[in-house]
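Below you'll find the structure, written out as structure tokens, and then a few comments.
The values are calculated or read from the model by the stated rules, or taken from the named source; none is laboratory data. These figures come from a predicted structure and were not determined experimentally. Quick reminder, even Gly has a Cβ in these numbers, built from the backbone with ideal geometry, and neighbours come from all protein chains shown. Areas reflect the complete protein model, heavy atoms only, side chains present, ligands, DNA and RNA absent. Shrake-Rupley method; radii C 1.70, N 1.55, O 1.52, S 1.80 Å.
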Amino acid sequence: MSRFQLRRDRLRRSLKSTGAAAFLVTDFTNVTYLTGFSGDDSFLLILPDKEVMLSDPRYTTQLEEECPGLDLEIRSPGTAMFESIRKTLEKSRQTSVGFESGAMTVQMHRRLTEEIPKVDWIACNGHVENLRMVKDREEIRAIRKAVDIAQRAFAVARCGLRGTETEQAVAHGLENQIRLFGGRGCSFPPIVACGPRAALPHASPSSVVMQSHGLLLIDWGADEPGGYKSDLTRVLVTGKISPKLERVYRLVLKAQQRAIDSIRPGVQCSAVDHVARKVIDRGGFGKFFGHGLGHGIGLDIHEGPRLSGGCDQPLKAGMVVTVEPGIYLPGVGGVRIEDDILVTRNGHEVLSNVPKDWDDSHVTLG
């Protein structure tokens with residue numbers, strides 16, 4: 001039995017409590033997770049005794065190659081997806097169907113209820129996402145690959161940094177290296193911010209040049225060939241910075257290390273967030289740490305679980321999360337340090353190993 005069939009069977013079991021006899025998967029990432037299909041514009045209908053992929057002629061051969069064993073409902077040109085859904089449900093005589101309420105637009109739901117009125121549509125949210133939180137061996141292998149690609153690309157980009165380069169040039173060079181090392185591209189648009197702009201947690205790379213700013217924050221990740229992501233952040237000291245920023249750097253690193261040390265199965269996500277936040281609060285910078293500590297990664301760059309004060313989800317072996325405390329001082333600069341962490345049966349494993357000690361952060365610009 002394939003790992004995709006195992007996932008679909010687990011999904012069926014989780015849906016029993018909803019009362020839905022069938023389930024329509026419309027989120028393309030969830031379709032990929034449940035089938036291995038790498039395309040888009042296709043839905044998956046989970047029936048009691050089989051699964052049907054609803055797609056169009058562009059993907060017929062691709063579906064046959066990537067999803068052996070699945071029934072296909074290929075609509076003809078000009079036929080709407082809703083007609084394929086109605087036709088398949090009528091054949092299977094299903095009258096109660098769950099749908100992904102968190103992934104469906106109001107307009108799409110209205111059309112489903114109007115065009116397929118004999119079906120009782122049951123809102124179901126988070127069932128596939130809950131399965132995705134715990135990674136299997138193949139997923140962990142893929143994330144390791146994504147981390148390795150990102151690290152190798154960063155190493156090359158770091159060695160080639162020049163003072164006359166703009167933030168945009170650094171971002172473009174990093175993405176180019178990720179592709180050269182076998183990635184599909186970046187897992188998200190890289191954040192590259194110099195000096196005071198490093199106080200913007202989600203700064204878009206600009207035409208600002210690095211020279212004379214002293215501080216460079218880079219948040220990046222790689223998308224490996226199977227679609228799994230990595231997410232890392234490092235701050236590089238490229239010149240003279242204030243003692244205050246050095247203190248901030250050391251404090252953020254301490255907070256991150258304490259939080260990572262606390263990760264193990266059974267610990268609540270909120271407790272890990274609290275560990276890092278407590279260190280930063282005691283250091284006097286609590287009001288400058290304004291986001292959650294981290295998040296899960298996988299086929300999406302942000303997925304469950306969330307390491308935040310409001311998430312009481314206990315960690316489980318197989319989860320992969322980021323740990324990324326940050327302190328952002330408007331008009332001065334900011335520091336965020338981020339690594340990808342696998343929760344193991346007995347504790348945790350840090351998947352990333354880009355140097356991050358204070359002395360390791362210094363770089364001489366070309």
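Listed values, structure above:
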| quantity | calculated |
| --- | --- |
| The stretch 167-184 residues that are in contact (Cβ under 8 Å) with a residue 60 or more places away in the chain, paired with ones that are open to solvent by 80 Å² or more (accessible area, probe 1.4 Å) and not hydroxyl-bearing (Ser, Thr, Tyr) (beta carbon under 8 Å, 6 or more apart) | none |
| Of all residues in the stretch 1-29 being within 21 Å of the chain's Cα centre (by Cα) and of a type in the set (Ser, Thr, Tyr), the one that is nearest to residue 300 (Cα to Cα) | 29 |
| Positions within the stretch 84-100 being in contact with a helix residue (DSSP H, G or I) (Cβ under 8 Å, 6 or more places away or on another chain) and without any contact (Cβ under 8 Å) to a residue 40 or more places away in the chain, in sequence order | 86 |
| Top-ranked residue in the stretch 119-131 [being touching a Leu at 6+ places or on another chain (Cβ under 7 Å) and in a helix (DSSP H, G or I); ranked as surrounded by the most Cβ atoms within 10 Å (Cβ to Cβ)] | 128 |
| Candidate set from the stretch 61-94 (those that are of a type in the set (Val, Ile, Thr) and surrounded by 12 or more Cβ atoms within 10 Å (Cβ to Cβ)); member that is farthest from residue 19 (Cα to Cα) | 79 |
| In the stretch 257-270, the residues that are under 24 Å from residue 353 (Cα atoms) and either free of Cβ contacts under 8 Å to residues at least 60 places away in the same chain or open to solvent by 30 Å² or more (accessible area, probe 1.4 Å) (or both) | 257, 258, 261, 262, 264, 265, 267, 269 |
| Residues (surrounded by fewer than 21 Cβ atoms within 10 Å (Cβ to Cβ), assigned to a loop (DSSP other than H, G, I, E, B) and without any contact (Cβ under 8 Å) to a residue 60 or more places away in the chain) located in the stretch 185-212 | 189, 202, 203, 204, 206, 207, 208, 212 |
| Selected residue [open to solvent by 20 Å² or more (accessible area, probe 1.4 Å), within 23 Å of residue 360 (Cβ to Cβ), hydrophobic (A, V, I, L, M, F, W, C) and not in a loop (DSSP other than H, G, I, E, B)] from 248, 156 | 156 |
| Total residues in the stretch 324-366, condition modelled with pLDDT of 95 or more, open to solvent by 20 Å² or more (accessible area, probe 1.4 Å) and among the polar types (S, T, N, Q) | 3 |
| All positions within the stretch 275-316 that are of a type in the set (Gly, Ala, Ser) and open to solvent by 40 Å² or more (accessible area, probe 1.4 Å) | 284, 290, 309, 310 |
| Spans of strands (runs of 3 or more DSSP E) in the stretch 290-362 with at least 3 residues touching a strand residue (DSSP E or B) at 6+ places or on another chain (Cβ under 8 Å) and farther than 20 Å from residue 271 by Cα | 333-336 |
| Residue in the stretch 270-289 that is among the aliphatic types (A, V, I, L, M), at pLDDT 95 or above and within 28 Å of residue 165 (Cβ to Cβ) present | no |
| Filter result for residue 240 (of a type in the set (D, E, K, R) and either surrounded by fewer than 16 Cβ atoms within 10 Å (Cβ to Cβ) or touching a Phe, Trp or Tyr at 6+ places or on another chain (Cβ under 7 Å) (or both)) | yes |
| Subset tally (residues that are in contact (Cβ under 8 Å) with a residue 40 or more places away in the chain and either charged (D, E, K, R) or closer than 17 Å to residue 198 by Cβ (or both)) for the stretch 125-147 | 8 |
